[in-house]
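Nothing in this text is a laboratory measurement; each read-out follows from the coordinates by a stated rule. Note that the structure is predicted; figures quoted are calculated from it, not measured. A quick note on method: Cβ atoms are made from the backbone with ideal geometry, for glycine too, and the neighbour counts reach across all protein chains shown.
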Amino acid sequence: MAIDPPLTPSNSGQTKLVDPYLQIEGGYRLSGEVTISGAKNSSLALMAAALLTMDGCRLHNVPGLADIRMMSAILESLGVRVRSHAPNTLDIDARFLSVHRAPYELVNSLRASFFILGPILARLGMARIPLPGGCAIGARPVDLHVRGLQALGAEVRIEHGIVEARARKLRGGRIHLDYPSVGATETIMMAATLAEGETVIENAAQEPEVCDLANFCRSLGARIRGAGTKTIVVSGVPRLHGSEYHVIPDRIEIGTFMAAAAITRSTLRIGPVVPEHIGAVVAKLREMGSQVSLIGSDTLEVSPGRVMAASDIETLPFPGFPTDMQAQFMSVLAVSEGTSIISETVFENRLMHVPELNRLGADIRVRSGHAIVRGVLKLSGAPVVATDLRASAALVIAGLAAHGTTTITGLHHLDRGYENIELKLQRLGARIERHLPVAQVNEVSDAVAAVAAVAGADAGAAG
């Protein structure tokens, strides 16, 4: 029997759904091949980097996501032209970049919008960017970004929630990051491309998205070496030119479908992949008992082993186990044999999905930033709420394995990071559907009826 989704009384006394929701009938195996979209986190950084040149840029393999649409709106508010040339392709023309401040109402909803600070400062000599918002998964301070830009000669101050940076001309410097922050590494690297002299970033982030940004900037004419290592060296150039570039596959989406295969005891082919980007996830899944093999150069096949076993996980910066995969693997460990300990060391609030997984029948306790996961024989469907982007994916994965019906609300989180995830899962055999609220359906019906009434009145007048 299906479990009813969240309801609320309306003013008319009728009951209406509050939000769109996913309904999943769990307990079915998946099969087939899934095509991975371009990396969301890379795409957002590359869109910001396109501000560094007055020539046009074309980005291929950009996923159709809410975050991408929001970043496009932010760039357009600065006078930049953003057009969709074809599906998953964006043309960005920043020749008319003239506005150095971004609107709070747009920036507040997208953490990655802060990436525009460095490029705007490098191009215009000043930038005013509100402190960004995004998922409430923990503190992600901008002090490393600020100190990096100050090391390049910028004057930076933060007042009333606004970061203001000024510099007649940025100059190269040596910057040691206290923590290998991806955002700070990318902000400093982008600003340094147009600075005078050489910039050295020590203890730099090594994530694949940093390498993708460096490769894109090099395609614009930037001089960058060392991306993917702990030391990145940028030699500034006077100007950059346009480029056409393909975004890397999304390693977190890859890992999410690997987890879906594992929890449903299914065989899936997943591609395209860059094997070097997912080493920690592949190693952990094999340790837990799944079979993972590379087919050709860019396709993974995941198939079930004899048993899914418990395993301890500690999230770390790349090349360690990614924090963005912690929630999805928690779902898998919830139905694995034995007890696992998950240590979240990157974001302190990234265990908010635990109560929701427990509603599905998981046995998870949280103590001082650690989740103790005791495997259970099965999960059972229930109404749950997504609290952040990766938590939403974890609930989808758990719902695929749970017996009965799972309903998931809070889909605005899911839509930020996964392109057509329901359609992709449906093609693999999952029984998953998205439902609109009754209120929205009624509004659409009322609008259609109103249009029909107007059309009828016009026809009567004409007669």
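Key figures
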read-out: Fully extended contour minus Cα-Cα distance, from Leu131 to Ile341, at 0.36 nm per residue; value: 72.2 nm
read-out: Part-to-part distance (alpha-carbon centres) for segment 34-49 and segment 205-225, which is given in Å; value: 14
read-out: Among (1) 179; (2) 155; (3) 143, the entry derived from the coordinates for volume of the Cα convex hull per residue in Å³; value: (1)
read-out: Burial ordering of Lys424, Lys40, fewest other beta-carbon atoms within 10 Å first; value: Lys424, Lys40
read-out: Most positive-pole-ward Cα, Pro383, Leu117, Gln150, against dipole of the chain from beta carbon charges; value: Gln150
read-out: Lys/Arg +1, Asp/Glu -1 at C-beta; the chain dipole; positive extreme among Asn349, Phe257, Phe318; value: Phe318
read-out: Segment 250-267 and segment 376-396: distance between their alpha carbon centers, rounded to Å; value: 15
read-out: FRET efficiency estimate (nearest 0.05) - Cβ-Cβ, Asn203 to Arg367, R0 30 angstrom; value: 0.50
read-out: Rounded to the nearest 20 debye, dipole of segment 267-421 from Cβ charges on Lys, Arg, Asp, Glu; value: 420
read-out: Rough spin-label spacing in nm, given labels placed 7 Å along Cα→Cβ, for Asp178 and Asp91; value: 4.6
read-out: Backbone N within segment 323-355 under 15 Å of label point (7 Å from Ala283 Cα along the Cβ vector); value: 323
read-out: In nm, spacing of pseudo-spin labels at Thr299 and Leu436 (7 Å Cα→C-beta vector); value: 3.7
read-out: Calculated [θ] (222 nm, deg cm²/dmol) that DSSP helices of n ≥ 4 give over the chain, each run adding -39,500 (n - 2.57); value: -10000 deg cm²/dmol
read-out: Using θ = phi - 60° and Karplus 6.51 cos²θ - 1.76 cosθ + 1.60, couplings along segment 56-64 (whole Hz; Gly, Pro as x); value: x, 10, 10, 10, 9, 6, 8, x, x
read-out: Part-to-part distance (alpha-carbon centres) for segment 293-320 and segment 77-118, which is given in Å; value: 36
read-out: Fewest-first ranking of Glu356, Glu159, Glu276, using other Cβ atoms within 10 Å as the exposure measure; value: Glu159, Glu276, Glu356
read-out: Extension gain (nm, one decimal) between Ala73 and Ser235, 0.36 nm per residue minus Cα-Cα; value: 55.2 nm
read-out: For Tyr21, Tyr179, Tyr418, order by how many other beta-carbon atoms lie within 10 Å, fewest first; value: Tyr179, Tyr21, Tyr418
read-out: Interchain or long-range residues, amide H under 5 Å from Glu337's placed H; value: Met308, Ala309, Ala310
read-out: Net charge contributed by nearby residues that have their C-beta within less than 15 Å of Ala204 (K/R +1, D/E -1); value: -3
